[in-house]
Amino acid sequence: MEQGNFTKLAKDYINRPGYSHIVLSNLAAYVGANTNSHIKDVGAGTGKLTENLLELGFTNITAVEPNDAMREEGSHLFESLGVIWQKGSAEETGLKTNSADWLLMGSSFHWTNPKKSLPEFKRVLKPGRFITLLWNPRDLEKNSLQREIDNMIQQMVPSLKRVSSGSEKYTKNIAETLVSTGDFKDVIFVEANHQVKMSKERYIGAWRSVNDIQAQSSPDVFKNIILTIEDMVKNLSEVIVSYKTRSWTAEVIS
C-alpha cells in the first residue's frame with residue numbers, strides 16, 4: 001500500500017472514532033460559529049469530523065476530499081443530511097474565495113504542504129475568521145491494552161515511523177507552522193480526553209483503516225498484527241478506547 005493512499009481503507013473508515021464534542025463545542029464558541037456559519041471540512045476522508053459537526057447542530061458544511069473512494073463513501077453516508085461533497089486538496093481546495101467562516105482539518109494537516117495549504121486556507125476564509133487543525137490520538141497512558149498493542153506492533157515492524165498520531169512528538173511544531181507563512185496569527189491550543197466504547201468488530205475495523213502501518217509493513221505482517229489484536233480482545237465484551245483530541249486554532253490575518 002502506498003503511504004498516504006487511502007483508497008483501500010475507505011470502507012473501514014466508518015469504524016474510526018470521532019472527536020471530542022467538548023473540544024469542538026468550546027472552539028465553536030471561541031470562533032463564533034453558529035448554525036448559519038459556512039463550515040469547510042478539508043481532508044474530510046469519509047466524514048468523521050463532519051459527523052461530529054452535524055451532531056453539534058451545524059448544517060452548512062462543505063466536505064473537501066481528494067481521494068475518490070473516501071469521498072464517495074462520505075457522500076453516501078452524509079449527503080442526504082445536506083453536506084456538500086467536492087473533490088479538492090488542501091493546496092487546491094476548489095472552494096470560493098472568502099467563502100468560509102470556519103475551516104477545519106481532522107487528522108490530515110500532516111499530509112499537506114504548509115507553504116501552499118496555509119495561503120490557500122487564507123484565500124478561502126473570510127477576513128478575521130478561523131482555522132482549526134485537530135488530531136485524535138489514543139491516550140496510551142490511560143489504557144494498558146493500547147500500550148500492549150503499540151508495543152506489539154513496534155516489535156513486528158521495528159522500523160515503523162508513524163506519520164502522525166497526533167501525539168506531542170508529531171505535533172510539537174504545529175503552532176509555529178501555522179504562523180510560518182504570515183497568513184495566520186494568535187494560535188490557541190485546546191485538548192480534552194474522551195472515551196469511545198466499541199464492539200470488537202468495530203475495534204478491529206478501526207485498526208484495518210490505519211494507513212501508515214500497512215504502508216510500512218508487508219501484507220503478511222499486517223495480517224499477523226490484526227490476528228494478534230483479535231486474540232488480545234477476544235475475551236472482551238466491548239473495547240473501551242481512551243482518546244485525546246488535540247487542536248490548534250488560529251485567526252486569519254486580514
Problem set entry | Any pair with Cβ under 6 angstrom, 6 or more apart, that starts in region 54-71 at a residue that is in a strand (DSSP E or B) and modelled with pLDDT of 95 or more and ends at one that is among the polar types (S, T, N, Q) and surrounded by fewer than 19 Cβ atoms within 10 Å (Cβ to Cβ) | 64/86
Seminar exercise, completed: Being surrounded by fewer than 20 Cβ atoms within 10 Å (Cβ to Cβ), in contact (Cβ under 8 Å) with a residue 24 or more places away in the chain and assigned to a loop (DSSP other than H, G, I, E, B) narrows 11, 96 down to just 96
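Which one of these is among the aliphatic types (A, V, I, L, M), within 24 Å of residue 19 (Cα to Cα) and out of contact with any helix residue (DSSP H, G or I) (no Cβ under 9 Å at 6 or more places or on another chain): 215, 206, 250, 175?
175
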For this session: Go through region 205-238 residue by residue and tally those that are over 24 Å from residue 170 (Cβ atoms), in contact (Cβ under 8 Å) with a residue 60 or more places away in the chain and of a type in the set (A, V, I, L, M, F, W, C).
Result: 2
For this session: Considering every residue within region 164-174, establish whether at least one is at pLDDT 90 or above and either under 28 Å from residue 128 (Cβ atoms) or out of contact with any Ser or Thr (no Cβ under 9 Å at 6 or more places or on another chain) (or both).
Result: yes
Exercise. Looking at region 223-238, is at least one residue in contact with a Gly (Cβ under 9 Å, 6 or more places away or on another chain) and either under 18 Å from residue 15 (Cβ atoms) or not in a strand (DSSP E or B) (or both)?
Worked result: no
For this session: Spot the failing condition for residue 197; the list is (1) surrounded by fewer than 14 Cβ atoms within 10 Å (Cβ to Cβ); (2) farther than 30 Å from residue 28 by Cβ, and only one is missed.
Result: (2)
Seminar exercise, completed: The correct count of residues that are more than 22 Å from residue 109 (Cβ to Cβ) and of a type in the set (A, V, I, L, M) in region 199-254 is 12
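Determine, yes or no, whether residue 250 is touching a Lys or Arg at 6+ places or on another chain (Cβ under 9 Å) and not in a helix (DSSP H, G or I).
yes
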Exercise. Is there a residue in region 224-242 that is basic (Lys, Arg) and under 24 Å from the mean Cα position of the chain (by Cα)?
Worked result: no
Exercise. When region 178-201 is examined, which residues are found to be within 22 Å of residue 120 (Cβ to Cβ) and assigned to a loop (DSSP other than H, G, I, E, B)?
Worked result: 180, 181, 182, 183
Seminar exercise, completed: Among residues of region 99-143 being among the polar types (S, T, N, Q) and in contact with a Ser or Thr (Cβ under 6 Å, 6 or more places away or on another chain), the residue surrounded by the fewest Cβ atoms within 10 Å (Cβ to Cβ) is 143
For this session: Could you tell me whether region 107-125 includes any residue that is modelled with pLDDT of 90 or more, in a strand (DSSP E or B), closer than 22 Å to residue 52 by Cβ and of a type outside the set (Asp, Glu)?
Result: yes
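Tell me yes or no: at least one residue of region 166-177 is polar (S, T, N, Q) and part of a loop (DSSP other than H, G, I, E, B).
For region 166-177, residues polar (S, T, N, Q) and part of a loop (DSSP other than H, G, I, E, B): present.
The values are calculated or read from the model by the stated rules, or taken from the named source; none is laboratory data. Since the model is a prediction, treat every value here as computed from it, not as a measurement. Positions of Cβ are backbone-derived with ideal geometry, glycine not excepted, and every protein chain shown enters the neighbour counts.
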